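The values are calculated or read from the model by the stated rules, or taken from the named source; none is laboratory data. The structure displayed is predicted, hence computed values, not measured ones. Glycine also receives a Cβ, built like all others from the backbone with ideal geometry; neighbour counts cover every protein chain displayed.
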Amino acid sequence: MSKIAAKEQDRYTEGNEAFEVIIIGSGPAGYTAGVYTSRAKLRTLIISGTLPGGQLMTTSEVENYPGFPNGIFGPELMMNMREQAERFGTVIVDDEVIRVDFSKRPFILTTHSKTYEAESVLICTGASPRKLGIEGEQQFAGRGVSYCA
């Protein structure tokens, strides 16, 4: 083993799985980042979070996404994106990040089940709809009340 390879190996903690890029979040931004980083031959991990596939997993028909003139169901779109990221070599785990240490490289990310290390971390955690808290909002969510712009 060369001195450079040995030095590089010493940067990582034994027992932690190491990636060049870890992406937190599995919505459209997370999966797209996974496609691009994996195509660039970077060892990439997506940690999907609490809702694998993001908000689009709870969306029925998506009519405003480019490339689908007749619309597509949200879960189908997200499964297509996931499959494409995996096809290029992205590793995807359905888990939640509970701790991150950005104080030094490699960065250390802890999930409920494992600890990972990465040279780069992309945060693609999406957004949450801003609810009004008015009467009937919860009752009619998805049946007249929508959070789509």
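Residue-wise test of (1) without any contact (Cβ under 8 Å) to a residue 60 or more places away in the chain; (2) of a type in the set (Lys, Arg); (3) more than 16 Å from Thr125 (Cβ to Cβ).
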| site | (1), (2), (3) |
| --- | --- |
| Thr44 | yes, no, yes |
| Gly49 | no, no, no |
| Met57 | yes, no, no |
| Pro69 | yes, no, yes |
| Gln84 | yes, no, yes |
| Phe88 | yes, no, yes |
| Glu96 | yes, no, no |
| Arg99 | yes, yes, no |
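Residues of region 37-74 being among the hydroxyl-bearing types (Ser, Thr, Tyr) and over 15 Å from Gly25 (Cα atoms), which ones? Explain how you work it out, then say what you get.
Filtering region 37-74 for residues among the hydroxyl-bearing types (Ser, Thr, Tyr) gives 37-38, 44, 48, 50, 58-60, 65.
Result: Ser38, Thr58, Thr59, Ser60, Tyr65.
If we keep just the residues of region 92-111 that are of a type in the set (D, E, K, R) and surrounded by fewer than 16 Cβ atoms within 10 Å (Cβ to Cβ), which is nearest to Ala18 (Cα to Cα)? Checked region 92-111; the qualifying residue nearest to Ala18 (Cα to Cα) is Arg105.
Each row is one residue, and each column tells you yes or no for (1) among the aliphatic types (A, V, I, L, M); (2) modelled with pLDDT under 95.
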site	(1), (2)
Ala40	yes, no
Leu45	yes, no
Gly53	no, yes
Asn64	no, yes
Phe68	no, yes
Arg82	no, no
Thr90	no, no
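Please count how many residues of region 101-129 are assigned to a loop (DSSP other than H, G, I, E, B), hydrophobic (A, V, I, L, M, F, W, C) and touching a residue at least 24 places away in the same chain (Cβ under 8 Å). Spell out the reasoning first.
Let us first name the residues in region 101-129 that are assigned to a loop (DSSP other than H, G, I, E, B), namely 102-106, 112-114, 124-129.
Subset that is hydrophobic (A, V, I, L, M, F, W, C): 102, 124, 127.
Add one more test, that the residue is touching a residue at least 24 places away in the same chain (Cβ under 8 Å), and what stays is 124, 127.
Qualifying residue count, region 101-129: 2.
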